Amino acid sequence: MTLREEADAIVRESIRQVLPDEAVARALQGRDFGSGKLYVVAVGKAAWQMARTASDILGRRMESGICITKYGHVKGEIGGIRCFEAGHPVPDENSFQATEEVLRLVGNLGVEDTVVFLLSGGGSALFEKPLVSRKELADITDQLLACGADIVEMNTVRKRLSAVKGGRFAENCRPAKVYSVILSDILGDPLDMIASGPAYPDSSTCAQALTIASKYSLELSEKTIGLLNRETPKSLSNVETVVTGSVKNLCRAAAAVCKELGYEPHILTDRLDCQAREAGRFLAAIAKSHQADRKSLAYIAGGETVVFLTGKGKGGRNQELALAAAEGICGLEDTAVFSVGSDGTDGPTDAAGGYCDGRTKQILNRLGVDIYRTLQENDSYEALRKAGGLILTGATGTNVNDVAVLLIRRH
């Protein structure tokens, strides 16, 4: 196998091992939901796959359900469950309408009833009933994306501008019980932050939200500032929560595949949290340090990097990471760096991520592409496309952050 073929195999198999089907099945099989009515609500990028598994397991025991996921992620009808596609990373009219349908579904439940709430990353945009105008909500989301705020900071602000985030959805379900099954996309699995915690008590405070607004100089209306000062639920007696998967599983899966391919795997971290370009340069530095080693090595870093927008190009954090690494590993033999989003999407592109090896910079130079200027323009997609470095998986049905891998192959 070539290095690129090995990279594709690692991506394919590690993602396969963190698909939500088996995890959801473990959470639901054999569980007694009592004598009341049972409803399913699935929200997030992995919602369709999670909902399909729930429908297969619960069958006629389920009264009805709703699935809300990203455009292009519904792969067919699900028995007993209505499927909606909506906007991500910015909520749109379909997000709001689908959320209203969910609130109608759970609006008049009894104390014996249960809502099985299947939650995955992306829910912050897909599941939304705003307490500010939709135009202002879109503007605030755009500001948070552009300034480099991390996902925890974004959700600390957004949950206070919503009628369903920060535990408020669970309050809407009362007196019914909520059984929340979560596929985590946030480092460390903070349950109140995943999709902005619709069914979990909120640990963030008004003071923290206001600090974030000040830190990034967000332009906010007086109404929004007032909402940031309004506290969220701090306890929910009707909710039980279980985490079914996270980036830790993704890193372990990648390490297992690397080992099968003959590499000695090392998981550097499952909490990578820095600029994408810096992460790429760091992996390149590790590659340089281990060129003299006689055994094949794989270094794995899971997490979620950030991109600061300095240009108007097309790309995503995983593509920027790979392209930034290309500079440092230029000329290194049998060395590659690749990074992918487990959901199969990276930024507003059709790529899951990017791949580079010791020849990538030379290829781009021949094509007249300068890596530094390309990164300044945030145009990693076009550069990697020209170099044959895009990783295309399509929607995967899961969402547990990203994984970046450095391969150093020795014969």
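The values are calculated or read from the model by the stated rules, or taken from the named source; none is laboratory data. Quick caveat: nothing in here was measured; it's all calculated off a predicted structure. Neighbour counts are summed over all protein chains in view; Cβ atoms, including those assigned to glycine, are modelled from backbone coordinates with ideal geometry.
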Before we move on, is Asp21 outside the structural domain of Leu392 (by TED's automatic domain parsing), at pLDDT below 90 and over 28 Å from Ile140 (Cβ atoms)?
yes
Hey, among Pro265, Pro233, which residue is more than 25 Å from Thr305 (Cα to Cα) and in contact with a helix residue (DSSP H, G or I) (Cβ under 7 Å, 6 or more places away or on another chain)?
Pro233
Failed condition for Thr305, given (1) of a type in the set (Ser, Thr, Tyr); (2) within 27 Å of Ser246 (Cβ to Cβ); (3) out of contact with any strand residue (DSSP E or B) (no Cβ under 9 Å at 6 or more places or on another chain)
(3)
Please go through region 16-49 and pick out each residue that is over 28 Å from Ala98 (Cα atoms) and either hydrophobic (A, V, I, L, M, F, W, C) or within 17 Å of the chain's Cα centre (by Cα) (or both).
Arg16, Gln17
Looking at (1) touching a helix residue (DSSP H, G or I) at 6+ places or on another chain (Cβ under 6 Å); (2) not assigned by TED's automatic domain parsing to the domain that holds His290, which is the one condition that is false for Pro190?
(1)
Taking Asn108 and the conditions (1) without any contact (Cβ under 8 Å) to a residue 12 or more places away in the chain; (2) in a helix (DSSP H, G or I); (3) among the polar types (S, T, N, Q), which numbered condition does it fall short on, given that it satisfies the others?
(2)
Among the residues of region 388-411, which ones are hydrophobic (A, V, I, L, M, F, W, C) and without any contact (Cβ under 8 Å) to a residue 60 or more places away in the chain?
Leu392
Residue list for region 34-54, filter: under 14 Å from Tyr179 (Cβ atoms), assigned to a loop (DSSP other than H, G, I, E, B) and modelled with pLDDT under 95:
Gly34
